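Novice: Dumping the structure here so I can ask a few things about it.
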Amino acid sequence: MLPLTLAAIADITGGRLTDVPDPTAQATAPLSFDSRQVQPGGLFACLSGTRSDGHSHAPAALAQGAVAALATRPVGVPAVIVGDVLTAMADLARHTATQLTATTVIAITGSAGKTTAKDLLLQILRRTGPTVATERSFNNEIGLPATVLRATADTRHLILEMGARGKGHIAHLCAIAPPRISTVLGIGSAHLGEFGSRQATADAKAEILDNLPTAEAGGIAVLNADDELVRAMTTRTSARVLWFGRHHTADIHAQDSTLDHQGRARFILRTPDGTAPVRLRLHGEHNITNALAAAALAHAAGTPLDSIATALNVAEPLSSGRMQILTRPDGVTVINDAYNANPDSMTAALNTLFALAEPGHAVAVLGEMREIGDESARDHREVGRTAARIGLRQIITVGGPDASAMAEAAQAGGITATHVTNKDHVPALISKILAPGDHVLVKGANALGLETTAQQILRHPSGV
């Protein structure tokens, strides 16, 4: 965080100081909204949630070393009192962004792959200079200001993942930290329940392009040439457009791609600067697109090709619940892809499972998919049919009626399928199914908490 006195913080946020013995005391460490993660010299944001009110944790945060709290009422410890904590966080982040004159801000959105592409880009760019990136999936009005406030004067790249639950959300995030380089990875079926259609989703995601600088001013839009809705977004920007994709006409594309026996991609990375061989450590053919997006963003930021390729060749998954592959002592392999799910990512995950497992050794725990629109039941049935078509031995589905429909479709396709409404039943069921050499995929809506289930399955032999 750029150092700020408490008096300056009050001025920037329109707040007032309470219980502050020294208004010239400085906040020098990042803002945190978790009192357990406060760093000495940081700010603690008193956010109110459904289960806890951050105001009650302010004394603990100060005891951990926070210099003050950002609060809506006095909390008995040094605090900046503001009308709304989220608005104050945005104000502070906006002020910080204006001071980061030597920092390239890069924004990433899309229906799927945001976090993986962000993690790959981070591993490329941090080789060339100090880089700050969104942690995990803190890509909303809470996480983005907190990310910006982690930047310092020597930060060379600031990578901001941007999510949206509705129209105007990404525009709001871009107004906090205007990007110079933005990408839209693709428009899928995720969040159709919120947006209503893929076109409405595309319109919301395209907000990330609306306020890019012109091409003459250095603005670059990095767009997925394989997605027709993304291709149509060129009308939304006067920035230079850089295309990535699987087709050879894209500026940055993959040539001669293959998968090894563990579903890891090899390809020749072709860019305007030349070619380089890439062998990903990430599993799944879909990660070729994520790697191409990261390569295109890094190229747009001026990174040499050899640095891009070298980083991609050694890049590892950084965020939990995304194609994490671990093998138990008894030879059972658990694929933890439980962070979230939509029809596109479910299909990609099932194809990866099929590529990894020997015939007869593929099992899946599939939770229901949420926020995917009016065709949810149909989409769940299609996932069940896909599981049967690619030859899984058995699936367990978790959730409500749509998950049950997924199991019924899989059973109708000729494979064994069991449905449970509670994830707590899964470990005992799966322990009776798995045998050495099996691969089990765990995937579902984030709200189901199946990442815990994946960890339980890893605890050989009982799973509990």
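Novice: Under a Cβ-only charge scheme (Lys and Arg +1, Asp and Glu -1), can you give me the dipole magnitude of the chain about the Cα centre, in debye to the nearest 20?
Specialist: It comes to approximately 500 debye.
Novice: If you take every residue apart from Thr352 with its C-beta less than 9 Å away from the C-beta of Thr352, what net charge results, scoring Lys and Arg +1 and Asp and Glu -1?
Specialist: Charge balance in the 9 Å sphere: -2.
Novice: Apply the Karplus curve 6.51 cos²θ - 1.76 cosθ + 1.60, θ = phi - 60°, to the phi angles in the stretch 64-81 and return the couplings in whole Hz, x for Gly and Pro.
Specialist: Result, ordered by residue: 7, x, 4, 7, 5, 9, 9, 9, 9, 8, x, 10, x, 9, x, 8, 9, 8 Hz.
Novice: Considering only protein heavy atoms and a probe of 1.4 Å, how much of the accessible area of the chain is carbon and sulfur, as a whole percent?
Specialist: Carbon with sulfur: 49 percent of the solvent-accessible area.
Novice: Relative contact order for the stretch 286-401: what is it in percent, counting Cα pairs under 8 Å that are at least 6 residues apart?
Specialist: Reported as a whole number, the value is 20 percent.
Novice: Counting Lys and Arg as +1 and Asp and Glu as -1, what is the net charge of the other residues whose Cβ lies under 11 Å from the Cβ of Thr87?
Specialist: Around Thr87, the charge tally is -2.
Novice: For the pair Thr24 and Ser307, how long in nm is the line joining their label points, each one 7 Å along Cα→Cβ?
Specialist: 4.0
Novice: Further question on the same structure: Starting from the exponent 0.38 and prefactor 2.2 Å, build the expected Rg for the stretch 415-464 from its residue count and divide its actual Cα Rg by it.
Specialist: Against the compact-globule rule of thumb, the ratio is 1.10.
Novice: Right, here's the next one. Kindly identify the stretch 373-440 as rounded, prolate or oblate by the Cα gyration tensor criterion: order the square roots of the eigenvalues as a ≥ b ≥ c, call it rounded if a/c is under 1.5, otherwise compare a/b with b/c, prolate if a/b is larger, else oblate.
Specialist: oblate
Novice: Please report the base-10 log of the normalised intensity I(q)/I(0) for the chain, using a Debye sum with one equal scatterer per alpha carbon and no solvent, at each q in 0.06, 0.08 (1/Å).
Specialist: -0.29, -0.51
Novice: Looking at the stretch 88-147, I'd like the Rg to Rh ratio, where Rg is from alpha-carbon atoms and Rh is Kirkwood's inverse mean 1/r.
Specialist: Taking Rh as the inverse mean 1/r over Cα pairs, Rg/Rh reads 0.97.
Novice: Further question on the same structure: What range in the chain is the longest one free of trypsin sites (Lys or Arg not before Pro) that are in a loop by DSSP and have at most 11 other Cβ atoms within 10 angstrom?
Specialist: In short, 52-431.
Novice: Just the Cα atoms of the stretch 255-337, one point each, no solvent: what log10 I(q)/I(0) does Debye give at q = 0.11, 0.19 Å⁻¹?
Specialist: Listed by q, the Debye log ratios stand at -0.32, -0.83.
Novice: Only loop residues by DSSP count here, and only those with at most 16 other Cβ atoms within 10 Å; note down the GluC sites (Glu not before Pro) in the stretch 205-234 that meet that.
Specialist: Counting only loop positions with at most 16 other Cβ atoms within 10 Å, the GluC sites (Glu not before Pro) in the stretch 205-234 are Glu216.
Novice: Just the accessible area per residue of the chain, please: how many Å² with a 1.4 Å probe?
Specialist: Heavy-atom accessible area per residue stands at 40 Å².
Novice: Thr421's amide H: which non-local residues (gap 5+, or another chain) put their own amide H closer than 5 Å, with H modeled 1.01 Å from N in plane and none for Pro or chain starts?
Specialist: Gly399
Novice: Among Thr147, Ser137, Thr115, whose Cα lies farthest out toward the positive end of the dipole of the stretch 103-187, if unit charges sit on the beta carbon of Lys, Arg (+1) and Asp, Glu (-1)?
Specialist: Thr115
Novice: Under 21 Å from the Cα of Lys423, which lysines turn up, not counting those fewer than eight places away in the same chain?
Specialist: Cα-Cα hits under 21 Å: Lys432, Lys443.
Novice: What size of dipole, in debye to the nearest 20, comes out for the stretch 36-120 about its Cα centre when the only charges are +1 on Lys and Arg C-beta atoms and -1 on Asp and Glu C-beta atoms?
Specialist: Computed charge dipole of the stretch 36-120: roughly 140 debye.
Novice: A further question on this structure: Given the peptides 307-316, 77-86, 325-334, arrange them by the average over their residues of other C-beta atoms within 10 Å, most packed first.
Specialist: Top to bottom by mean Cβ count within 10 Å: 77-86, 307-316, 325-334.
Novice: Another one. Can you tell which of Gly449, Val75, Ala90 lies farthest toward the positive end of the dipole of the chain, using +1 and -1 charges on the Cβ of basic and acidic side chains (Lys, Arg; Asp, Glu)?
Specialist: Gly449
Novice: Okay, moving on. Quick check: Cα centre of the stretch 274-340 to Cα centre of the stretch 57-114, how many Å?
Specialist: Measuring centre to centre over Cα atoms gives 31 Å.
Novice: Over the alpha carbons of the stretch 9-86, what is the largest minus smallest coordinate on each principal axis, giving the biggest first in Å?
Specialist: Dimensions of the stretch 9-86 along the principal axes of its Cα atoms: 34, 25, 20 Å.
Novice: Same structure, new question: Antiparallel versus total DSSP beta bridges in the chain: what percent is that, nearest 5?
Specialist: Once the DSSP bridges in the chain are tallied, antiparallel ones form about 30 percent.
Novice: In the chain, if the dipole is taken from +1 on Lys/Arg beta carbons and -1 on Asp/Glu beta carbons about the Cα centre, which of Pro213, Asn340, Ala377 is farthest to the positive end?
Specialist: Checking the options against the dipole of the chain, the answer is Asn340.
Novice: Looking only at the stretch 363-385, which residues have a backbone nitrogen under 20 Å from a spot 7 Å from the Cα of Gln411 in the C-beta direction?
Specialist: From the stretch 363-385, the list is 363-369, 377-385.
The values are calculated or read from the model by the stated rules, or taken from the named source; none is laboratory data. All of these numbers come straight from a predicted model, not from anything done at the bench. Using ideal geometry, Cβ is built from the backbone for each residue, glycine included, and neighbour counts are taken over all protein chains shown. Accessible surface areas use protein heavy atoms only, side chains included; no ligands, DNA or RNA. Shrake-Rupley method; radii C 1.70, N 1.55, O 1.52, S 1.80 Å.
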